[in-house]
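Asks: Could you have a look at this structure, given as structure tokens, before my questions?
The values are calculated or read from the model by the stated rules, or taken from the named source; none is laboratory data. Fair warning: this is a prediction, and the values are worked out from it, not measured in the lab. Ideal geometry is used to build each Cβ from the backbone, glycine not excepted, and the neighbour counts take in all protein chains shown. Note: accessible area is taken over every heavy atom of the protein model, side chains too, but ligands, DNA and RNA are not part of it. Shrake-Rupley method; radii C 1.70, N 1.55, O 1.52, S 1.80 Å.
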Amino acid sequence: MNNQKQQKPTLTGQRFKTRKRDEKERFDPSQFQESIVQGLNQTGTDLEAVAKFLDASGAKLDYRRYAETLFDILVAGGMLGKHLSMYCLFTASEDLETMQAYAQVFNKLIRRYKYLEKGFEEEIKKLLLFLKGFTESERNKLAMLTGILLANGNISASILSSLFNENLVKEGVSAAFAVKLFKSWINEKDINSVAASLRKVGMDNRLMELFPANKRSCEHFSKYFTDAGLKELSDFARNQQSIGARKELQKELQEQMSRGETLKDIIAYVREEMKKTSISEQTMIGIVWTSVMSTVEWNKKEELVTEQAIKHLKQYSPLLKAFTSQGLSELTLLLKIQEYCYDNIHFMKAFQKIVVLLYKADVLSEEVILKWYMEAHMAKGKSVFLEQMKKFVEWLKNAEEGKHSAPEGAHY
């Protein structure tokens, strides 16, 4: 009896020790690191075997708790630990094919353990902040991998905010890293895919921040990335800056109109902006039209909105005239009017009256109206607007008198 009683604690003690050892491996960071490093050193450069090992280990080890440690080992062999893995991203070959294979390892791991997704993104953000601590080769590998992961949608483009760190920018690390990153990203997808991802997280207008304030110009950005073989990115950034400038210009125009600035002053301001930003007249007339139509609270009743629009546009016709000195600008305006009347349903019946008003105000010429009618109209509301314009166009074709004698009836 006594012997049996003495044996029980021993057995319980063994079980207890085994359980404690398992728990230590599961919950102790150094034990966790040792297990991962040992497994990686056994699998070596066989990335298929690495992926299988990581898949199986997730059932035994606490990936959720030690996500940061896990990713530190896979990328850098164990940043702070003494048990360094001989096999990690930083010791791999510096070529695109190897980086694509590593991206697949991370992709499989995150697909298998979905909860690692957020931790992985945080890890990449953190690694980008510490770029100065890595060698050039290590930075290149990380840049290529990051570009591939962005292309595959494994991480969000919001991670790029780490590259705007003042010290990294100042020393040129951010821009050099971005070159490698965008090259591998565009190689996997294309510039349109890159643009869509950047827009989704509001990064499309922040790329200039890769450079110090004194070099943050479209010219510098364009030269730097074009010289590095990324003309597509240069063109994208230039286009984005142009869009940004247009939005600012439109906002300022609307404010000037709301303040009741004279048309003479507004025209002078717009002409100055055209010189400064190299915006063409065709582009500018679109901005002016949108600004003019955005300064009014339009009546919701169809029968009243036409009268309101005619009164408003009569007031601003000199502004529209100032930026339709070319036939192409006139046609651009006419297409903008068509689009506006189609998109704003209360204006559907106002289209013809607006065109006649602007014809009489010397904003739209007979030639452009006929060209629009015959061949240059867009599909939006085409049948409705062509029908509205039919009689007026017939009158234009047959009229022997000057344009100011055009009848004012609502029949055409």
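Asks: Taking the Cα centre of each part, how many Å lie between segment 126-177 and segment 223-248?
Replies: Each part reduced to its Cα centre gives a spacing of 20 Å.
Asks: Report the net charge of residues surrounding residue 47, where surrounding means a beta-carbon distance below 13 angstrom and charges are Lys +1, Arg +1, Asp -1, Glu -1.
Replies: Summing Lys/Arg as +1 and Asp/Glu as -1 gives -2.
Asks: Could you tell me which of 143, 37, 379 has its Cα farthest along the dipole of the chain towards the positive end, charges placed at Cβ (Lys, Arg +1; Asp, Glu -1), taken about the Cα centre?
Replies: My answer, from the dipole projection, is 37.
Asks: Evaluate the charge dipole of segment 29-241 about its Cα centre and quote only its size in Debye, nearest 20, assuming +1 on the Cβ of each Lys and Arg and -1 on the Cβ of each Asp and Glu.
Replies: Working: 27 positive and 26 negative charges, 100 e Å.
Result for segment 29-241 is approximately 480 debye, rounded to the nearest 20.
Asks: Taking every eigenvalue of the Cα gyration tensor of segment 185-256, multiplying by 5 and rooting it, what semi-axes result, largest first, whole Å?
Replies: Details: eigenvalues 111, 52, 21 Å².
In descending order the semi-axes read 24, 16, 10 Å.
Asks: Oh, and also: Averaging sequence separations of C-alpha pairs under 8 Å and six or more residues apart, then dividing by the length of the chain, give the relative contact order as a whole percent. If you can, show how the numbers build up before the last one.
Replies: On the way: 411 pairs, mean separation 32.9, N = 412.
The value is 8 percent.
Asks: May I ask you to give the percent of accessible area on segment 261-399 that is carbon plus sulfur, with a probe radius of 1.4 Å? Could the numbers behind the result be given before it?
Replies: On the way: 3550 of 6900 Å².
Roughly 51 percent, rounded to a whole number.
Asks: What lysines could a cross-link reach from residue 391, if we take a straight Cα to Cα line under 19 Å and drop same-chain neighbours fewer than 8 places away?
Replies: 349, 353, 360, 371, 382, 403
Asks: With a/c under 1.5 counting as rounded, go ahead and sort segment 29-241 into rounded, prolate or oblate using the C-alpha gyration tensor (a ≥ b ≥ c being the square roots of the eigenvalues; past the cut-off, prolate if a/b is larger than b/c, else oblate).
Replies: On the way: a/c = 2.14, a/b = 1.93, b/c = 1.11.
Note, shape of segment 29-241 comes out prolate.
Asks: What percent does the relative contact order of segment 261-399 come to when contacts are Cα pairs within less than 8 Å and at least six residues apart?
Replies: Values: 120 pairs, mean separation 34.2, N = 139.
Over segment 261-399, the number comes to 25 percent.
Asks: Once you have all Cα-Cα distances for the chain, histogram them in 10 Å bins from zero and send the whole-percent values.
Replies: 4, 17, 19, 14, 13, 12, 10, 6, 3, 1, 1, 0, 0
Asks: When we measure straight from the Cα of residue 132, which lysines land under 20 angstrom away, once same-chain ones fewer than 8 places off are left out?
Replies: 141, 170, 180
Asks: Taking only protein heavy atoms into account and a 1.4 Å probe, give the accessible area per residue of the chain in Å². Could the numbers behind the result be given before it?
Replies: Working: 21930 Å² over 412 residues.
Each residue of the chain exposes 53 Å² on average to a 1.4 Å probe.
Asks: Another question, if that's okay. Mind telling me which of 166, 121, 303 comes out most flexible in a GNM of the chain, alpha-carbon contacts under 10 Å?
Replies: 303
Asks: Ignoring ligands, DNA and RNA, what percent of the accessible area of segment 139-193 is carbon or sulfur (1.4 Å)?
Replies: On the way: 680 of 1860 Å².
Looking at segment 139-193 in its full context, I get 37 percent from C and S.
Asks: For segment 261-399, take the convex hull of the Cα atoms, compute a quarter of its surface area, and give me that in nm², please. Don't skip to the end; give the middle numbers.
Replies: On the way: hull surface 33.3 nm².
Over all viewing directions, segment 261-399 projects a mean Cα-hull area of 8.3 nm².
Asks: Given axes a ≥ b ≥ c from the Cα gyration tensor, I'd like to know whether segment 48-118 is rounded (a/c under 1.5), prolate (a/b larger than b/c) or oblate. All intermediate terms of the calculation are to be shown ahead of the outcome.
Replies: Working: a/c = 1.80, a/b = 1.19, b/c = 1.52.
Taking the square roots of the gyration eigenvalues as a ≥ b ≥ c, segment 48-118 is oblate.
Asks: Give the Debye-formula value of log10 I(q)/I(0) at each listed q (0.22 Å⁻¹), with one equal scatterer per alpha carbon of segment 131-172, two decimals each.
Replies: -0.81
Asks: May I ask for the distance between the Cα centers of segment 302-335 and segment 197-222, given as a whole number of Å?
Replies: That distance is 36 Å.
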